[in-house]
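The values are calculated or read from the model by the stated rules, or taken from the named source; none is laboratory data. What you see is a predicted model, and the numbers here were worked out from it, not measured in a lab. Positions of Cβ are backbone-derived with ideal geometry, glycine not excepted, and every protein chain shown enters the neighbour counts. What goes into the accessible areas is simple: the full protein's heavy atoms, side chains included, and nothing from ligands, DNA or RNA. Shrake-Rupley method; radii C 1.70, N 1.55, O 1.52, S 1.80 Å.
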Amino acid sequence: MTASVRSLGYLRINSTDLDAWKEFGENLLGLMVVEATGERVRFRIDEYEYRIEVLAADNDNVTTIGWEVATEADLEELVSRLEEAGYKVEQLGKDVAKERNVTRLATFRDPDDVLSLELYVGLKTANERFYSTKGATFVAGRALGLGHVFQVVGDAEKYDELYRTILGFRLSDYIEVPPNLEATFLHCNPRHHSFAYVANPKRPLGPGHFMVEVDDLDSVGRAWQQMLDEKAPVIQTLGRHTNDKMISAYVKTPSNVGVEYGFGGLLVDDATWTPTRYDWAHYWGHEKQAL
């Protein structure tokens, strides 16, 4: 197996309130608004034209995860591997590729049929320099991608087969979730994890949160203070994770999915990395809040 996913490229999210998303993304998270119409809002966090696209809809949910691959040959290999495993893959045409600002892409449904997964080549680079109204600099770019997604799934083995066996992700570690659950963390580049999942029958299927990382602790601290001052819908308080060492806080987006806003995430070197297990997700903090 030679082809594999390289990074988390983009998210497409439905929303019943685009104005709330524009305010939330720009003025709390420090994302750069590059397009805001009655149909969608697009945000940048790095040199690429967008990373998060929020679409006007009559529901609130994550609809699409876009995964970047390096070459068209890699895309073809991954599509063949998916089809051999029984996935129905659709090669999307030039018009859709142009709308997504990519060279080429293919799509299929995830094992729980809760969202679409898109494999793409060549997300367009922006001409203008990234600028955040909050002074934030995001840890992203070609090497690390947008961040990560944490998803609640129905059958962990199916997701393990999809992401590790077919798409080429590598195991970072496991966290034991009381009373008897296990969360799996996978990487596809030096970021500690770009995708993580847990089979939890007590929670709705689908992404529970996505993460964006900034390059200094003060940016997280200022965002946390703003969450407190503006009584934002905090999901988990400021804290530090055991496995990726990230200091972060979690807040609910206008589409109800959470966003983890963090600093200091661990980087993985596959030449020396040894997967391990943790019996708790937090060194301190990250206390769950009643919403």
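The table below gives the values:
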| quantity | calculated |
| --- | --- |
| Exposure ranking of Tyr250, Tyr174 by accessible area [1.4 Å probe, largest first] | Tyr174, Tyr250 |
| Ranked by how many other beta carbons lie within 10 Å on average, peptides 202-213, 8-19 from highest | 8-19, 202-213 |
| Between the range 170-215 and the range 241-277, the alpha-carbon center distance in angstrom | 9 Å |
| Globularity index of the range 60-144, i.e. its alpha-carbon radius of gyration over 2.2 N^0.38 Å | 1.26 |
| Kirkwood Rh in Å, taken over all unlike Cα pairs in the range 40-92 | 13.8 Å |
| Computed accessible area, Asp279, all protein chains, 1.4 angstrom probe, square angstrom | 110 Å² |
| Accessible area of the chain belonging to carbon and sulfur atoms, whole % at 1.4 Å probe | 49 percent |
| Percentage relative contact order, the chain, counting C-alpha pairs under 8 Å, at least six apart | 18 percent |
| The range 73-133: trypsin sites (Lys or Arg not before Pro) in DSSP loop, at most 12 other beta carbons within 10 Å | Lys88, Arg129 |
| Probe 1.4 Å, accessible area per residue of the chain, Å² | 44 Å² |
| Kirkwood hydrodynamic radius over Cα pairs of the range 78-221, then Stokes diffusion coefficient at 25 °C and 0.890 mPa s, in µm²/s | 143 µm²/s |
| Amide H contacts of Ser194 (H built 1.01 Å from N, under 5 Å, at least 5 apart or other chain) | Leu186, His187, Cys188 |
| Histogram of C-alpha separations across the range 211-291, 5 Å bin width, % | 3, 14, 23, 24, 17, 10, 5, 3, 1 |
| Enclosed volume per residue, in Å³, of the convex hull spanned by Cα atoms of the chain | 131 Å³ |
| Cα gyration tensor, the range 230-270 - rounded (a/c under 1.5), prolate or oblate | prolate |
